[in-house]
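The values are calculated or read from the model by the stated rules, or taken from the named source; none is laboratory data. Since the structure is predicted, the reported quantities are computational estimates derived from the model, not experimental observations. Using ideal geometry, Cβ is built from the backbone for each residue, glycine included, and neighbour counts are taken over all protein chains shown. Protein only, heavy atoms only, side chains kept; ligands, DNA and RNA dropped before computing areas. Shrake-Rupley method; radii C 1.70, N 1.55, O 1.52, S 1.80 Å.
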Amino acid sequence: MEKPIIFIVDDDPQTLRSVTRDVRKKYRSEYRVLSTTSAQEALSTMKELIGNGEEVALIISDQQMPEMLGVDFLQEARKLYKWARRILLTAYSDVEAAIRAINEVQLDYYLQKPWDPPEENLYPIIDDMLGVWHATFIPPKADIQVVGYQWSPKTHQVKDYLSGNLLPYEFMDIETDPEAQVLIDQQNISSENLPAVFFKGKDHLIDPDLTALAQATGRESDVKQDVYDVVIVGAGPSGLAAAVYGGSEGLNTLLIEKRAPGGQAGTSSRIENYLGFPNGLSGADLSRRALAQAQKFEVEFLSPREVTGIKSISGYQILQLASGEEIKTRSTVITTGVSYRKLEAKGLENFTGAGVYYGAATTEATACKNGDVYIVGGGNSAGQGAMYLSNFARKVYILIRKPDLSSSMSQYLIDQINKTENIEVVGKRQVVEANGNNRLSHLCIQNIDDESVQQVEARALFVFIGAKPYTDWLGNDILRNARGFVETGRAILQSPEGQKLWKRNREPYLLETSMPGVFASGDVRAGAMNRVASAVGEGAMTIKMVHQYLAE
């Protein structure tokens, strides 16, 4: 692939020369830098670039241009290069328009002029934007190629793991892509043994499990220390925050994740109410940043590995892994979060991974191109998934049991959905049956009021309902409420069972469980706020309490 392009547009020749000079000074070795004083010329050039198969990674535009306002230009440019990052150059008087553009055209950043010195005010922003682009952009020939069946649960599992772990890959459908057949024929792979994963310059894997896939992609598979100061189980926002603070404060820290970093939040296509990111960021982007930050502080990351038990012996906790290994630690933080609840409907289970998905909107969005897709759920994750899928699907239907979304979804998402022409919210509806041949093709949807049933064609169904905590592995020594969420702090002593379990003379710390030295934070904890920001805050708080516990 040719060098990706940074495109700069400003009608003021002096400003254009200045910003182009600064950008070329740092980025010309890895990027082509193109510039023009005309918005219309820029759009024409971009159309030519598309025809030549070239990629634009970043667009920088001035706001006040006579031909076209910068916001309008960026909106047109987005139609050509959907995944390019966009920065608007503004004067002080343009700030209001820039903030409005964050919602209307998904502007990534606005930068007030002047930006001197660029080392402080320009380069860090561009570095961040290019980092996001590289994390989300899939080149035509990625280093990892997956050959399989689009509607195969096994293939979905492989794609979901790669996308969840921020590993760009190219998917080749054996039924529609001639190159896929050529590739497996060259390696004498039978189509019955798919999926197959090919690595550039390396060998290939046939129908791999996640452990083999992790090893092939360079993920840690072995425990390095005999004893850890703190082990964090679960790498969602809360676990990642605990890892960052544990590592930064000098604790010997291990982070264990069953699937991929980010947890349920990691599947969100766009989080717009997280402090410090006015343009929003994806769950995958948040996970990427947080994991890199944790590893900067020498936190060990073990994935995909499942913890199946915990016991306390002589002041230590012993964590048991599904592989049979044991990990010894002085303290533990449980941040295993929640999973989407299974939707109960006739025939639905037959199509899980073959048209029916729990979360996974970003993984399977391209398969929904020009089709009708249905979303069950009325929370923020469902709204974020709908907005993302609307870029691919012909029509997105949100099915909810309530009349509308007002009681369950943030207003900013409701406003965005109402403005999106190919999203329709359908209240008082529920899925009662799924049909198809090897893959989902039709849904039966019931009107809750009159119980009438309508059958509709469906390319896919995405389920975002309920919150089932992942706590079955904890055993009987860690108190949970009737719904399975972990009790912490004073709530432990408010039940006879908790009073029997608690063996210390002091009260439990605020986020401590009924097993001393074991803490819980984020969505897995009873009484949690179920927001990314609160999960991050609780994760950071646990490390302060870990220090208190270790000092005893």
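Here are the numbers for this structure:
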| quantity | calculated |
| --- | --- |
| Filter result for the condition that a residue is of a type outside the set (A, V, I, L, M, F, W, C) and open to solvent by less than 20 Å² (accessible area, probe 1.4 Å), over 495, 534, 514 | 514 |
| Near pairs, Cβ below 6 angstrom, 6+ apart or cross-chain, from the range 165-189 (more than 15 Å from residue 200 (Cβ to Cβ)) to any residue that is of a type in the set (D, E, K, R) | 166/288 |
| Selection from the range 300-319 of residues that are open to solvent by 70 Å² or more (accessible area, probe 1.4 Å) and closer than 15 Å to residue 475 by Cβ | 311, 313 |
| Test: residue in the range 65-77 that is among the small types (Gly, Ala, Ser), over 29 Å from residue 168 (Cα atoms), surrounded by fewer than 17 Cβ atoms within 10 Å (Cβ to Cβ) and out of contact with any Pro (no Cβ under 9 Å at 6 or more places or on another chain) | no |
| Selected residue (criterion: nearest to residue 372 (Cα to Cα)) from residues of the range 393-425 that are in a helix (DSSP H, G or I) and of a type in the set (A, V, I, L, M) | 417 |
| Filtered residues of the range 84-103 (kept if under 25 Å from residue 418 (Cβ atoms) and surrounded by fewer than 14 Cβ atoms within 10 Å (Cβ to Cβ)) | 96, 100 |
| Pair list, Cβ < 7 Å and 6+ apart or interchain, from the range 246-275 residues that are without any contact (Cβ under 8 Å) to a residue 60 or more places away in the chain and more than 30 Å from residue 379 (Cβ to Cβ) to residues that are part of a loop (DSSP other than H, G, I, E, B) and not charged (D, E, K, R) | 247/297; 247/299; 248/297; 252/225; 253/299 |
| Residue check for residue 508: surrounded by 22 or more Cβ atoms within 10 Å (Cβ to Cβ), touching a Lys or Arg at 6+ places or on another chain (Cβ under 9 Å), at pLDDT 95 or above and over 30 Å from residue 398 (Cα atoms) | yes |
| Pick from the range 398-448, criterion exposed (fewer than 15 other Cβ atoms within 10 Å of the Cβ) and hydrophobic (A, V, I, L, M, F, W, C), ranking: farthest from residue 151 (Cα to Cα) | 448 |
| Subset tally (residues that are at pLDDT 90 or above, assigned to a loop (DSSP other than H, G, I, E, B) and touching a strand residue (DSSP E or B) at 6+ places or on another chain (Cβ under 7 Å)) for the range 278-336 | 8 |
| Criterion: of a type in the set (D, E, K, R), closer than 28 Å to residue 171 by Cβ and over 24 Å from the mean Cα position of the chain (by Cα) - qualifying residue of 349, 326, 344 | 349 |
| Strands (runs of 3 or more DSSP E) contained entirely in the range 155-262, each with at least 2 residues that are surrounded by fewer than 21 Cβ atoms within 10 Å (Cβ to Cβ) and among the aliphatic types (A, V, I, L, M) | 204-206 |
| Filter result for the condition that a residue is of a type in the set (A, V, I, L, M) and in a strand (DSSP E or B), over 535, 528, 434, 491 | 434 |
| Residue 273 vs. criteria open to solvent by 30 Å² or more (accessible area, probe 1.4 Å), over 30 Å from residue 475 (Cβ atoms) and outside any strand (DSSP E or B) | yes |
| Residue under evaluation residue 322, criteria (1) open to solvent by 20 Å² or more (accessible area, probe 1.4 Å); (2) out of contact with any Phe, Trp or Tyr (no Cβ under 9 Å at 6 or more places or on another chain); (3) in contact (Cβ under 8 Å) with a residue 40 or more places away in the chain, criterion not met | (3) |
| Test result for residue 488, surrounded by 13 or more Cβ atoms within 10 Å (Cβ to Cβ) and more than 26 Å from residue 352 (Cα to Cα) | yes |
| Selection count where residues are of a type in the set (D, E, K, R), within 26 Å of the chain's Cα centre (by Cα) and over 20 Å from residue 253 (Cα atoms), scope the range 504-548 | 3 |
| Enumeration of residues in the range 347-391 that are farther than 24 Å from residue 403 by Cα and open to solvent by 30 Å² or more (accessible area, probe 1.4 Å) | 349, 350, 352, 362, 366, 369, 370, 391 |
| Inter-residue pairs, beta-carbon under 6 Å, first assigned to a strand (DSSP E or B) and in the range 339-355, second open to solvent by 20 Å² or more (accessible area, probe 1.4 Å) and aliphatic (A, V, I, L, M), 6+ apart | none |
